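The values are calculated or read from the model by the stated rules, or taken from the named source; none is laboratory data. Note that the structure is predicted; figures quoted are calculated from it, not measured. FYI the Cβ positions are ideal-geometry reconstructions off the backbone, even for glycines, and counts take in every protein chain you see.
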Amino acid sequence: MTAAKTILEVEGLHKSFGDNTILKGVSLTLKEGEIKVLIGPSGGGKSTLLQCINCLVTPESGTISLHGNTVNLENKKELYQLRQRVGMIFQEFNLFDHLTALENVTIALRKVKNFSKVSAEKRARLELEQVGLGDKTDLYPAQLSGGQKQRVAIARTLAMDPEVLLLDEPTSALDPELVGEVIAVIKALAAKGMTMIMATHQISLISGLAQNVLFMENGVIAEQGSPKELLGAGKQTRTQGFCDRLSDLGEGGS
Amino acid sequence: MYASFAVIIDSFPYLIQGAFITAGIVVCAMLFGLVLGVCIAIGIIYGPRPLRYLLNLYLWIFRGVPVLVLLFLFYFGLLTYLGLNLSAFASVAIVLGLTTAAYQANIFKGAILSLPRGQFLAASSLGMSDIQAIKSILLPQALRMSIPAWSNEYSIILKDSALAFVIGAPEIMARTQFIASRTYQHLPLYITAGIIYFVLTWLGVRLLLQLEKSVRIPGYSDHGTNP
Ligand SMILES: Nc1ncnc2c1ncn2[C@@H]1O[C@H](COP(=O)(O)OP(=O)(O)OP(=O)(O)O)[C@@H](O)[C@H]1O
Ligand SMILES: [Mg+2]
């Protein structure tokens, strides 16, 4: 097997809000089909890192490269292009409240990719069926459960054909009984070879899903490695210590 | 008593024509104010600093100076100074439009800022430009939320439009005053004018309530929150 190509390369990201430095030089590379899980204490900068990667938050310094091409963050066109190719799933779903599930998926296809109404709807129905919501296309976000909302959000992002998916605690805002349906969708994506970085507090997800674990603390990636290296029996890593503390609290999403 | 009725009946068609002119002024002013108000609100929220200062200054002026002063300033002052000729109708519509734009800008600004920031982030994350996100995601929701406040503003502008009589726009008030000065039937005439204003207010507010209901997002309660 040949080594997989590098899709995304992030180098030396710095970000502060006022005097508060959140990211202190974060670098990572993501290969095609690779899945990295991002864990770490609350406030450690996981969300900020993910939002910097597709420039929802502009980093002060550092570079982001897709397929070896460094994105010029000053150029709006390149910025919009980057965001289109790097999809984002939010903890709070962030569905467009005034649009049906179907319209939530079609709107960016229409506005950004200039799809016709017919082809956008066709594509949207396909994506919604993929996440098991083929029968909910005409419902509004307020009429959906949390798990359904998150699945619409996933369909909405996938419809743009992203090459990388960033997931920011996709199950943390869900009632425990709804977590499973979203996890199932994420696992199906992993099986199809989707490249992902997922921030999570759910340690049980790591072993089954991640090839690589990033442990983030105080604005840097403090440890990284395979789940075995960091969480294998008898390992005395900080990641292990953090996970033990989480488990003591009952394996909870925050 | 009989004379009063006779005057009302005789002058009723004339007054109703005035009602149409009043309605015309108000509709023009409100729509002008809507477009300008949305632009000002967006400029204040997303614009660069100098533009924000300029727009805030605009809000202060148009909220701080009485409409009557602005109307005289525009009609007798500015138009004469510039050597322009504009009808009283157009002048009133413009001045009321500029005034209500200031108030409407505040309504829209509040509505846009009250929307969860996440939806804008989500739109951006899909590759939408800021303008696309504002147009397709924020405005449709902000405008829906603004309808009750907008309906309030409508009733205020409707009543302010009576000031148009001072520059001779042939609306309800001017016509009422004209007939009253000739017939001396002030009491019944002004009661009639009052009733016409009341009916116009009621009609407009009802219509906007209907609009609010018809565009309400399914699944949301009256207050725009999850049931
Ligand atoms: N827009 C902002 N303005 C100011 N400070 C911010 C902003 N966004 C995040 N922060 C701060 O940055 C720090 C890191 O936040 P971030 O959300 O990235 O952490 P996190 O690792 O995702 O935490 P959690 O596990 O709770 O989601 C926090 O202290 C937060 O207060
Ligand atoms: Mg977070």
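Observations
- Top-ranked residue of segment A:150-166 - restricted to ones that are touching a residue at least 40 places away in the same chain (Cβ under 8 Å) and assigned to a helix (DSSP H, G or I), ranked as surrounded by the fewest Cβ atoms within 10 Å (Cβ to Cβ): A:LEU158
- Residues that are of a type in the set (S, T, N, Q) and without any contact (Cβ under 8 Å) to a residue 12 or more places away in the chain, drawn from segment A:47-88: A:ASN69, A:THR70, A:ASN72, A:ASN75, A:GLN81
- Residue that is modelled with pLDDT of 95 or more and loosely packed, with under 14 Cβ neighbours inside 10 Å, where the choices are B:LEU36, B:LEU55, B:LEU96, B:LEU51: B:LEU51
- Within segment A:34-50, the set of residues being away from ligand 2 (no atom under 16 Å from the Cβ) and within 14 Å of another protein chain (Cβ to nearest Cβ) is empty.
- The residues in segment B:100-116 that are β-branched (Val, Ile, Thr) and within 15 Å of B:LEU55 (Cβ to Cβ) can be counted, and the count is 2.
- Counting only helices (runs of 4 or more DSSP H) that sit completely within segment B:109-172, those holding 1 or more residues that are touching a helix residue (DSSP H, G or I) at 6+ places or on another chain (Cβ under 8 Å) and among the hydroxyl-bearing types (Ser, Thr, Tyr) correspond to B:117-125, B:139-160.
- If you filter segment B:103-124 down to residues that are more than 22 Å from the chain's Cα centre (by Cα) and in contact (Cβ under 8 Å) with a residue 24 or more places away in the chain, you find that the one that is nearest to the other protein chains (Cβ to nearest Cβ) is B:LEU115.
- Residue match in segment B:202-214 (condition: free of Cβ contacts under 8 Å to residues at least 40 places away in the same chain, within 14 Å of chain A (Cβ to nearest Cβ) and either surrounded by fewer than 19 Cβ atoms within 10 Å (Cβ to Cβ) or not in a helix (DSSP H, G or I) (or both)): yes
- Residue that is within 11 Å of chain B (Cβ to nearest Cβ) and touching a residue at least 40 places away in the same chain (Cβ under 8 Å), where the choices are A:LEU139, A:LEU109: A:LEU109
- Meeting the requirement of 3 or more residues that are within 16 Å of ligand 1 (Cβ to nearest atom), the helices (runs of 4 or more DSSP H) wholly within segment A:1-119 are A:46-53.
- Selection from segment B:170-201 of residues that are within 12 Å of B:SER155 (Cα to Cα) and surrounded by 13 or more Cβ atoms within 10 Å (Cβ to Cβ): B:TYR197, B:LEU200, B:THR201
- When A:GLY147, A:GLY132 are checked against the criterion of being within 21 Å of the chain's Cα centre (by Cα), in a helix (DSSP H, G or I), at pLDDT below 95 and more than 7 Å from chain B (Cβ to nearest Cβ), A:GLY147 stands alone in meeting it.
- When A:LYS113 is tested against (1) surrounded by 18 or more Cβ atoms within 10 Å (Cβ to Cβ); (2) over 15 Å from A:PHE90 (Cα atoms); (3) among the basic types (Lys, Arg), only condition (1) is not met.
- Some residue of segment A:51-69 being away from ligand 2 (no atom under 16 Å from the Cβ), of a type in the set (S, T, N, Q) and within 14 Å of chain B (Cβ to nearest Cβ): yes
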